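Below is one structure, written out as structure tokens; comments come after it.
The values are calculated or read from the model by the stated rules, or taken from the named source; none is laboratory data. These numbers come from a predicted model, not from an experiment. Neighbour counts run over all protein chains shown; Cβ positions are idealised from the backbone, glycine included. Side chains included, ligands, DNA and RNA excluded: accessible areas come from the protein's heavy atoms. Shrake-Rupley method; radii C 1.70, N 1.55, O 1.52, S 1.80 Å.
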Amino acid sequence: MARPHLTRAVAVAALCLLALLGACSDRPGTAAGPVRFDAPDGVDQWAFMRAAAGHQVVFGMLGLTNHGDRPAVLARADLTGPSDEVVADGARVAEVLVRDVSADDDYVAAAPWPYEHYGDGTVPLEGYELAPAATVEVLFVLTVDDVGHWYWPRTEVRYTIDGIGYTDRTSTGFLICPPGVERSCDPPA
């Protein structure tokens, strides 16, 4: 009879340990895990692209590396941020892709889509298995529905390893600005 209680106690202890590991992560609000964005921590940065309604743009610049010893299955990636900072009424994510990269590869920061060879060898992020020590570039393809300043200050990825879910976030964001505007392309105030 004592075994079911012991099993339940071990399961509860394991869940508590996972929660504590997430709380001890070096990235606020992120469950600790081995897959991390390669962007510098605590540095707000963004790429931008000028685009008219009806155009598609791509944002990349984000390497994602598996620093662990087990494969990770990528579940989803989102452009996010605090709700009072996200301004996204006129543009939407059409697809999120990944492409294998090596240390010598160039990343695309922002460009019209399709752009050069960056579509070659891409696959949907969802369900992609990221091997240990491997890096992929995450590519967000967005459709611009209305001319304006559209901004997402953060990026997030969710993944699983052995059925356990993890999340990593970075303060790298993306900005779409109107074409032909003389003023600087800065995040909306």
Would you mind telling me which numbered condition in (1) closer than 20 Å to residue 58 by Cα; (2) without any contact (Cβ under 8 Å) to a residue 24 or more places away in the chain; (3) open to solvent by 70 Å² or more (accessible area, probe 1.4 Å) residue 83 fails? (1)
Restricting the range 58-76 to residues that are modelled with pLDDT of 95 or more and closer than 18 Å to residue 102 by Cβ, the residue that is surrounded by the fewest Cβ atoms within 10 Å (Cβ to Cβ): 67
What tally of residues in the range 134-159 results from selecting those that are open to solvent by 50 Å² or more (accessible area, probe 1.4 Å) and either without any contact (Cβ under 8 Å) to a residue 60 or more places away in the chain or under 15 Å from residue 32 (Cβ atoms) (or both)? 1
Which condition breaks for residue 93 when tested against (1) open to solvent by 60 Å² or more (accessible area, probe 1.4 Å); (2) over 19 Å from residue 171 (Cβ atoms); (3) under 15 Å from the mean Cα position of the chain (by Cα); (4) not aromatic (Phe, Trp, Tyr)? (2)
Pairs where the first residue, in the range 117-133, is open to solvent by 50 Å² or more (accessible area, probe 1.4 Å) and the second is part of a loop (DSSP other than H, G, I, E, B), C-beta under 7 Å, 6+ apart: 129/71; 132/68; 132/69; 132/70; 132/71
Could we say that residue 35 is aliphatic (A, V, I, L, M) and either touching a Leu at 6+ places or on another chain (Cβ under 6 Å) or more than 21 Å from residue 171 (Cα to Cα) (or both) here? no
